[in-house]
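Visitor: One structure coming up, written as structure tokens, with questions to follow.
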Amino acid sequence: MMSNLDESIGKILLELQKDDPDTFKKLMKRAQEENPELFEEDINNENKEIEEYNYKVDEYNKKIDEE
């Protein structure tokens, strides 16, 4: 289970990914270079979760735009 800090950081990263994808990619690449062990396992699951989240965000944004 994630701590509140992890959750906050997660939300910030998701916002950054949406608002500034280039910076997000640089940040993640640097994190991966510095801590490769954090990225080796469950990368596919995380990517799937991120894709699902992005899809939900897109759907939500479409709904907002239509209103």
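Every number in this text was worked out from the coordinates using simple rules, so none of it is lab data. Not measured: the values here are computed from a predicted model. As a convention, Cβ positions derive from the backbone with ideal geometry for all residues, glycine included, and neighbour counts pool all protein chains shown.
Visitor: How about K56: which lysines have a C-alpha closer than 22 Å to its C-alpha, ignoring those fewer than 8 places off in the same chain?
Guide: K11, K18, K25, K48
Visitor: Determine the calculated [θ] at 222 nm for the chain from helices alone, applying -39500 (n - 2.57) to every DSSP H run no shorter than 4 residues and normalising by the residue count; nearest 500 deg cm²/dmol. Don't skip to the answer; put the middle values down first.
Guide: On the way: 4 runs with 59 residues, N = 67.
Taking each H run of at least 4 residues, the total per residue is -28500 deg cm²/dmol.
Visitor: Moving on. Can you tally the net charge around K56? Count Lys and Arg as +1, Asp and Glu as -1, for every other residue whose Cβ sits under 12 Å from the Cβ of K56.
Guide: Details: positive: K18, K62, K63; negative: E49, E51, E52, D58, E59.
In short, -2.
Visitor: While we're here: Report, in degrees rounded to the nearest 10, the 0 to 90 angle that the Cα long axis of helix 21-34 makes with the longest principal axis of the chain.
Guide: That works out to roughly 20 degrees.
Visitor: Net charge within 12 Å of D65 by Cβ-Cβ distance, Lys/Arg positive one each and Asp/Glu negative one each, not counting D65 itself? Can you show the working numbers first?
Guide: Values: positive: K62, K63; negative: D58, E59, E66, E67.
Combined, the nearby Lys, Arg, Asp and Glu give -2.
Visitor: Calculate log10 I(q)/I(0) of the chain for q = 0.16, 0.27 Å⁻¹, where I(q) comes from the Debye formula with a single equal point scatterer on each Cα and nothing for solvent.
Guide: Evaluating at q = 0.16, 0.27 Å⁻¹ gives log10 I(q)/I(0) of -0.66, -1.39.
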